[in-house]
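**Q** Sharing a structure here in structure tokens format.
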């Protein structure tokens, strides 16, 4: 299976995640134990929507996936800080986010490589 076939699902996921981050940044930040991170979550949402639109605009180019990967690195940092500061359920959620984003980073890099070799 060509990984580039995941372009549409990745694009839709980016749009949905970005919308959630824009519409409920306070709730997302608080759930991760970082209520002061509302504006950061909102910014991440805007970035995620831009990445999703880029995927739809150029699905066979590696650049949208590399841009997503760069965003994933930022997300890893934010989730890592949240996990370190939080406790209880918020810490578990932040650690889960950390694991999920690590997987997304790998997927984005693999799809970028597939797009570059297409």
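**Q** For 75, 114, what ranking results if the residue with the fewest other Cβ atoms within 10 Å of its Cβ goes first? Please report the intermediate quantities before stating the final value.
**A** Working: 75 22, 114 19.
Ranked by crowding around the Cβ, least crowded first: 114, 75.
**Q** Could I have the simple spin-label model distance between residue 58 and residue 76, label points 7 Å from Cα toward Cβ, reported in nm to one decimal?
**A** 2.3 nm
**Q** Here's something else I'd like to know. Just need the relative contact order of the stretch 38-106 here, percent rounded to a whole number, with Cα pairs under 8 Å and 6+ apart. Mind dumping the intermediate values first?
**A** Details: 44 pairs, mean separation 18.6, N = 69.
It comes to 27 percent, rounded to a whole number.
**Q** Same structure, new question: May I ask you to derive the relative contact order of the chain, considering only C-alpha pairs under 8 Å and at least 6 residues apart, and to give it as an integer percent? Mind showing how you got there, number by number?
**A** Details: 170 pairs, mean separation 36.5, N = 118.
Answer for the chain is 31 percent.
**Q** Further question on the same structure: Before rounding to the nearest 500, sum -39500 (n - 2.57) across all DSSP H runs of length at least 4 in the chain and divide by the residue total; then give [θ] at 222 nm in deg cm²/dmol. Don't skip to the answer; put the middle values down first.
**A** Numbers: 5 runs with 96 residues, N = 118.
Dividing the helical sum by the residues of the chain leaves -28000 deg cm²/dmol.
**Q** Which angle from 0 to 90°, rounded to the nearest 10, does the C-alpha axis of helix 38-57 make with the longest principal axis of the chain?
**A** Roughly 10 degrees between the two axes.
**Q** Next question, about the same structure. Mind pulling the angle between the C-alpha long axis of helix 7-23 and the longest principal axis of the chain? Nearest 10 degrees, somewhere in 0 to 90.
**A** Approximately 30 degrees, to the nearest 10.
**Q** Then there is this: Taking the chain as the reference, fit the longest principal axis to its C-alpha atoms, fit the long axis of helix 88-116 to the helix C-alpha atoms, and give the angle between the two in degrees, 0 to 90, nearest 10.
**A** 10 degrees
**Q** So which residue, out of 101, 41, 73, gets the largest mean-square fluctuation from a GNM of the chain using Cα contacts under 10 Å as springs?
**A** Comparing 101, 41, 73 in the GNM, the peak value goes to 73.
**Q** Can I ask one more? Express in nm, to one decimal, how much length is gained between residue 24 and residue 84 on full extension, taking 0.36 nm for each residue of separation and deducting their alpha carbon distance.
**A** Numbers: separation 60, 0.36 × 60 = 21.60 nm, distance 2.25 nm.
The residue 24-residue 84 span can extend by a further 19.4 nm.
**Q** Among 2, 113, what is the fewest-to-most ranking by other Cβ atoms within 10 Å? Provide the component values of the computation, followed by the final result.
**A** Values: 2 11, 113 15.
Ascending number of Cβ neighbours within 10 Å: 2, 113.
**Q** For the stretch 1-69, what's the relative contact order in percent, using C-alpha pairs closer than 8 Å and at least 6 residues apart?
**A** On the way: 80 pairs, mean separation 26.8, N = 69.
Relative contact order, the stretch 1-69: 39 percent.
Every read-out reported here was derived from the displayed coordinates using simple, explicitly stated rules and does not represent laboratory data. As the structure is a prediction and not an experimental result, all values here were calculated from the model. Using ideal geometry, Cβ is built from the backbone for each residue, glycine included, and neighbour counts are taken over all protein chains shown.
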